[in-house]
Structures are given as structure tokens and as C-alpha cells.
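Please read through the structure below; I'll follow up with questions.
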Amino acid sequence: MPSEFYQFADLDKLPFPDRDVVYKVDALLRDMPSKQFLSGRGCPYDCAYCFNHTFKELFKGCGQTVRKKNIGYLLEEIRTVKNKYPLKNVVFNDDTFIIDKKWFLDFSRRFPKEFNLSYTCNIRANLVDEEIAKGLSESNCIGVNWSIESGNEFLRNAVLKRSMSSEQALEAARLLTKYKIPYRIGNIIGLPGEKPDQMLETLELNIKAKPSLGLANIFVPFPGLALTKYAIEHGYYNPEKNARLPKDFFSESVMDITPEENKQVQKIMCLFPIFVNMPFLFYKRIIRKIMFSCPQFLLRFLYEIFYADRMMKLYAVRVSLVQKYRIALRYVANL
Ligand code: SF4
């Protein structure tokens, strides 16, 4: 996009998002005690499986890609929503909420003074230090999401370009545990050229990090990703043979692997969060074998129940039985 035609907007000059458009047709979302917000835009990292590196290339010269809203503006936006709709927990959906340490520490002092609300956000392990963890804890943060992606250093840093060591991941886990902040860890399996042992390496690093929920999504090679290019160039993926991409990250791998290998990736995906939370099931060889021999539909069913339960707890979704039933219905309809 030529920069003479387009410059990024000043976030503080934009009107607040028009939530009425959604809430007047979606009572379930309107009545949820958790609502989503963005405190800024953009991410300075270049992970090979994420859209950000391509986005930065496309919009080169259009201004600063990483931008944060002024804290006063953000707090006013939250207040406007709170005055109009049920709101108990703010979900900050920014790529990396703590990207600007000074901004975050300022936010962590002001937010609890102005609101009796909790919040959750996405963070990056290598940015977590004592001050950040303390700031999260003192500002009523009740849960964070972050990612390891792969337990294998080569895959994580040379292939995924994640720029993060295993030590940094474990140190972040230690600090979050020290400050009693529950965390969910994201991972990717079915990576180009990844062997089952490397997927289990990811599982074992997650077990060491002890998250409230550890998830492993299956890699989908969207066009434009550096990782898709890598997979094609190294002969791990043939877009002509496998042109149809799966509709989600939970169904199957479209890498050039055998049907048996594909089944194994799907089973690891389903069992991953269960093993992370109950490592004895993984380390008892006989139990592990029995669990891997269960039919895929049963493992997927177990996964969905486990996932939904942990997510509701992590996001503090405290709702009535009727609301729970409505959420469950919509969840099943979207499977
Ligand atoms: S840190 Fe997260 S948001 Fe940023 S490039 Fe990596 S995956 Fe994308």
C-alpha cells in the first residue's frame, strides 16, 4: 500500500467502537460479564506463523505499526461500555498487552483506582520481569495468555522465529506463579518437518511451566506466512495437492504426512491439555498408551469439555445456568 495514499490513524482521535451494532442483535454477547477491548495495535516481533511480518511489509511507510491508546482514552472507553452494559471483566485482546513497559506500569496504577473490575490479557514470556508480574497482580489481572509454540529450540527460534528461550518461558512461569496469576500457554504442533518426539518435547516443556491450560493447535499454512513459504520450499507442504485449508486449528494437518502421522497429530492435539494438567497420565506409560488408543471422536469430545471448563474459569465467566446453557449451545453449533 503506497504510503502517500494511506497513513495509520491516531488511535486517540478515533470514535469508540460501535458496540450497539452487535449487542442489539446478540443478547448473549451483550449480557456476558466479560467484554473485549483493544488498548492498541500492532506487534514488533516477526514470528513466522503470524500475520504481523506480512502486515508490516504491506504497510511500510504508513506510520508506526505499534501504537497504544492514551490511558485516559482507554479508561473512558471502558467506562462508556460499563455504564451501558454488564461488565465485570475486561478482556484485552492486544497481541502483546505489556509491549510498552512504561505504559503498562502507568496503566497498572490507574486501572484499579478507577474501576472495581478484573482483566485478562495476552503477554510475551521474554517481556515478563518482576515489576511487570507485580504490576499485573496489583492491577487485578486474573489471567494471562502467552505462547511457547514449540519445546524444541531449533523449531521455536530458527523455524518459527519466536525469539524466546526455554529459560525465559520457565522464568515467566515462575514469576506469574509467584504473583498468583493464572496463565494459559499456546503451542503449535504439526509444524513443517516436525517429528512426534518434538511435539512431546513441547508437551514436556509445558508440563514444567505448569499453566492452568496448555493448548496445542495444529499449524494451518495460510498464504503469505513466512512459515508457509518455508514448508513449501523444504518439501513439507504442497499447496497444489492440498489446496483446501482446514476451517480451524483442531481438525487435521495439511502437511505432506501419512494418514497415520496425521491421526497422531490430531490425538496429541486432543490429549495435550489433559496431559499438561495431569502429567501422571502422560508419564505412566501404560495409561498413555491406553489414552492414545482411544478413538479420535472420544478424545475430541474429552478435549472440548476440558477446554470449555478451563477457559470459563480462566476468563472468569461467572454466569447463570441459563446463560451457561446458551453458551454451550452456541459453542456446539460452531464446532
Ligand atoms: S509475538 Fe505474537 S502477535 Fe507478535 S508476531 Fe509473534 S505471534 Fe504475532
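For the list (1) in contact with a strand residue (DSSP E or B) (Cβ under 7 Å, 6 or more places away or on another chain); (2) more than 15 Å from the ligand (Cβ to nearest atom), I need the number of the one condition that Asp20 fails.
Single failed check for Asp20: (1).
Considering only helices (runs of 4 or more DSSP H) fully contained in the stretch 18-133, which possess at least 3 residues that are hydrophobic (A, V, I, L, M, F, W, C) and within 30 Å of Ser163 (Cα to Cα)?
Of the helices (runs of 4 or more DSSP H) lying wholly inside the stretch 18-133, those with at least 3 residues that are hydrophobic (A, V, I, L, M, F, W, C) and within 30 Å of Ser163 (Cα to Cα) span 101-114.
Of the conditions (1) modelled with pLDDT of 95 or more; (2) over 15 Å from the mean Cα position of the chain (by Cα); (3) within 15 Å of the ligand (Cβ to nearest atom), Gly224 satisfies every one except a single condition; which number is it?
Condition (1) is where Gly224 drops out.
Within the stretch 66-123, which residues are under 20 Å from the mean Cα position of the chain (by Cα) and polar (S, T, N, Q)?
Residues satisfying the conditions are Asn89, Asn93, Thr96, Ser118, Thr120, Asn122.
Going residue by residue through the stretch 11-20, is there one that turns out to be surrounded by 14 or more Cβ atoms within 10 Å (Cβ to Cβ), under 28 Å from Pro223 (Cα atoms) and hydrophobic (A, V, I, L, M, F, W, C)?
no
Another one. What tally of residues in the stretch 162-187 results from selecting those that are in contact with a Ser or Thr (Cβ under 7 Å, 6 or more places away or on another chain), within 16 Å of the ligand (Cβ to nearest atom) and aliphatic (A, V, I, L, M)?
1
If you take the residues of the stretch 111-120 that are touching a residue at least 40 places away in the same chain (Cβ under 8 Å) and out of contact with any Gly (no Cβ under 8 Å at 6 or more places or on another chain), which of them is nearest to the ligand (Cβ to nearest atom)?
Ser118
Do you know which residues across the stretch 38-90 are within 16 Å of the ligand (Cβ to nearest atom) and under 26 Å from Arg109 (Cβ atoms)?
Scanning the stretch 38-90 gives Leu38, Ser39, Gly40, Arg41, Gly42, Cys43, Pro44, Gln64, Val66, Arg67, Lys68.
Now a separate question. Within the bounds of the stretch 298-319, is there any residue that is more than 30 Å from Lys35 (Cα to Cα) and at pLDDT 90 or above?
Within the stretch 298-319, one or more residues are more than 30 Å from Lys35 (Cα to Cα) and at pLDDT 90 or above.
Take the stretch 92-125 and flag every residue that is touching a Ser or Thr at 6+ places or on another chain (Cβ under 7 Å) and either surrounded by fewer than 19 Cβ atoms within 10 Å (Cβ to Cβ) or over 23 Å from Asp12 (Cβ atoms) (or both).
Matches in the stretch 92-125: Pro112, Ile123, Arg124.
While we're on this one: Would you be able to say whether some residue in the stretch 161-181 is touching a Leu at 6+ places or on another chain (Cβ under 9 Å), assigned to a strand (DSSP E or B) and crowded, with 19+ Cβ neighbours inside 10 Å?
No, that holds for no residue.
Please find, within the stretch 91-110, the residue that is farthest from the ligand (Cβ to nearest atom) out of those that are β-branched (Val, Ile, Thr) and free of Cβ contacts under 8 Å to residues at least 60 places away in the same chain.
So, considering only residues that are β-branched (Val, Ile, Thr) and free of Cβ contacts under 8 Å to residues at least 60 places away in the same chain, the one farthest from the ligand (Cβ to nearest atom) is Ile98.
Would you pick out the residues in the stretch 47-65 that are in contact (Cβ under 8 Å) with a residue 60 or more places away in the chain and surrounded by 15 or more Cβ atoms within 10 Å (Cβ to Cβ)?
Residues satisfying the conditions are Cys47, Ala48, Tyr49, Cys50, His53, Thr54, Cys62.
Can you find a residue that is assigned to a loop (DSSP other than H, G, I, E, B), without any contact (Cβ under 8 Å) to a residue 40 or more places away in the chain and out of contact with any strand residue (DSSP E or B) (no Cβ under 9 Å at 6 or more places or on another chain) anywhere in the stretch 151-160?
Scanning the stretch 151-160 turns up no residue that is assigned to a loop (DSSP other than H, G, I, E, B), without any contact (Cβ under 8 Å) to a residue 40 or more places away in the chain and out of contact with any strand residue (DSSP E or B) (no Cβ under 9 Å at 6 or more places or on another chain).
Let me ask something else about it. Exactly one of these conditions fails for Val81: (1) touching a residue at least 60 places away in the same chain (Cβ under 8 Å); (2) surrounded by fewer than 17 Cβ atoms within 10 Å (Cβ to Cβ). Give me its number.
(2)
Looking only at the stretch 182-199, how many residues end up being surrounded by fewer than 21 Cβ atoms within 10 Å (Cβ to Cβ), closer than 17 Å to Asn157 by Cα and either among the small types (Gly, Ala, Ser) or touching a residue at least 24 places away in the same chain (Cβ under 8 Å) (or both)?
Residues that pass the stated criteria total 3.
Here's something else I'd like to know. For the stretch 210-252, which residues satisfy the criterion of being aliphatic (A, V, I, L, M) and in a loop (DSSP other than H, G, I, E, B)?
Val220, Leu225, Ala243, Leu245
The values are calculated or read from the model by the stated rules, or taken from the named source; none is laboratory data. Just so it is clear, the structure is predicted and the values come from calculations on it, not from any experiment. No Cβ is skipped: glycine too gets one built from the backbone with ideal geometry, and neighbour counts run over all protein chains shown.
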